[in-house]
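Note sheet for the following structure.
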Amino acid sequence: MSSKRSQKIGLIALLILAAGLVISSNLWKSNLKVSHVVVEGNRIVETAEILRLVKVEKNARLHDVDLMGVRKDVLSHHFIKDAVVERDLPATLKITITERAPLAIVNGAEILYLDEEGIVLPHSISKQLFDLPVLTGVSPDVALVPGTMVHNADVQEALAILATSKLVGKELSHMISEVRLRNGGDIVLYGAERGVPVIFGRGNIADKLVRLEAFWNDVVREQGLDKLQYVDLRFDDQVVVRWNQ
C-alpha cells in the first residue's frame with residue numbers, strides 16, 4: 001500500500017470519527033433537560049418573582065427552550081432593564097438580570113419611582129429599602145404610567161441633578177431630600193437636615209453641584225447649619241447665601 005493511499009485512508013477515518021463525534025454530541029445535547037433555572041444580578045426584584053415570569057417547565061428539553069421568548073417574558077417586569085438568557089450545560093437555564101435603579105420618589109395618588117432615564121416604576125415591596133429624594137411640583141399634565149418614560153423637561157433636569165450628585169459625592173447626594181419643580185422655573189433643592197433651600201436654577205448642573213459640595217464642606221461645617229437660611233447657585237462662579245442674624 002502506497003504512502004499516499006495510507007494517508008488518504010487515515011484522513012477518511014478521521015473525518016468519519018469527527019462526524020460521529022458531532023452526531024453523538026448533538027444527540028447528547030438534544031436529550032438534555034432543564035433541571036435548574038438560575039437568576040443572577042437581581043437585588044430589588046425577588047428571585048421567586050422573576051421565576052414566575054419564566055414559562056419553562058422543569059424537565060423541558062434544554063435545546064428547545066426559546067431563549068428570546070424567556071428574555072421577553074422577564075423584561076415584562078418594570079424593574080428589569082435588561083436580561084441575558086443562556087443555556088448552561090448540562091441542565092441549567094441561566095438568567096442574568098440588570099435592574100432599573102430608582103432615583104427619586106414621586107408622590108401622587110400612589111407612590112411611584114423614577115429611574116435615571118425617567119422610566120416610571122411601580123411601588124415595590126423589597127428587602128432593599130429606598131432612601132430616595134422626593135420629586136415635588138410635577139405638573140398634573142405629566143402622565144405617570146409604570147413602564148413608560150417621562151419626557152417632561154423639568155423632570156428630566158431634576159433626574160440629571162440627582163444622577164450627577166451621585167457622581168460628585170455620596171455625601172452630597174444623601175444631602176438632597178427633595179427636588180421641587182416650578183413649571184419651567186428655577187428648580188429648588190431641599191437639604192435632608194433642617195430643609196435648607198438651595199435655589200439651583202437651570203443648567204450647568206455639574207458645575208453647580210461641585211460648588212455646592214465645596215461650600216458645604218468649607219463653610220457650612222464651620223459656620224453651622226442652624227444659621228443658614230438659603231443658598232443660591234444661579235450666579236456664575238459663586239455661591240450666594242443668606243445667614244440668620
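The values are calculated or read from the model by the stated rules, or taken from the named source; none is laboratory data. Since the model is a prediction, treat every value here as computed from it, not as a measurement. For neighbour counting, all protein chains shown are included, and Cβ atoms are generated from backbone atoms with ideal geometry for every residue, glycine included. With ligands, DNA and RNA removed, areas are computed over all heavy atoms of the protein, side chains included. Shrake-Rupley method; radii C 1.70, N 1.55, O 1.52, S 1.80 Å.
So how many residues does segment 61-76 have that are open to solvent by less than 30 Å² (accessible area, probe 1.4 Å) and assigned to a loop (DSSP other than H, G, I, E, B)? Summing the residues that are open to solvent by less than 30 Å² (accessible area, probe 1.4 Å) and assigned to a loop (DSSP other than H, G, I, E, B) in segment 61-76 gives 1. Here M149 fulfils each of the conditions (1) farther than 28 Å from D207 by Cβ; (2) without any contact (Cβ under 8 Å) to a residue 40 or more places away in the chain; (3) open to solvent by 40 Å² or more (accessible area, probe 1.4 Å); (4) touching a strand residue (DSSP E or B) at 6+ places or on another chain (Cβ under 7 Å) apart from (1). Considering segment 176-187 alone, what residues qualify as being open to solvent by 30 Å² or more (accessible area, probe 1.4 Å) and on the phi < 0 side of the Ramachandran plot? Those that are open to solvent by 30 Å² or more (accessible area, probe 1.4 Å) and on the phi < 0 side of the Ramachandran plot: S177, E178, R180, R182, D186. Please go through segment 188-228 and give me each residue that is in a helix (DSSP H, G or I), more than 17 Å from E178 (Cα to Cα) and open to solvent by 40 Å² or more (accessible area, probe 1.4 Å), ordered by number. Hits for segment 188-228 are A206, D207, V210, A214, N217, D218, V219, R221, E222, Q223, D226, K227.
Among the residues of segment 77-116, what is the count of those that are among the aromatic types (F, W, Y) and exposed (fewer than 14 other Cβ atoms within 10 Å of the Cβ)?
Residues that pass the stated criteria total 0.
Looking at segment 163-187, which of its residues are outside any loop (DSSP other than H, G, I, E, B), small (G, A, S) and out of contact with any Ser or Thr (no Cβ under 7 Å at 6 or more places or on another chain)? Result: A163, S177. The residue pairs whose first member lies in segment 23-46 and is open to solvent by 70 Å² or more (accessible area, probe 1.4 Å), whose second member is at pLDDT below 90 and part of a helix (DSSP H, G or I), and whose beta carbons are closer than 8 Å, counting only pairs six or more residues apart or on different chains, are K29/L62; K29/H63; K33/L62.
Look at V155 and say whether it is in a helix (DSSP H, G or I), at pLDDT 90 or above and open to solvent by 50 Å² or more (accessible area, probe 1.4 Å). No: the conditions fail for V155.
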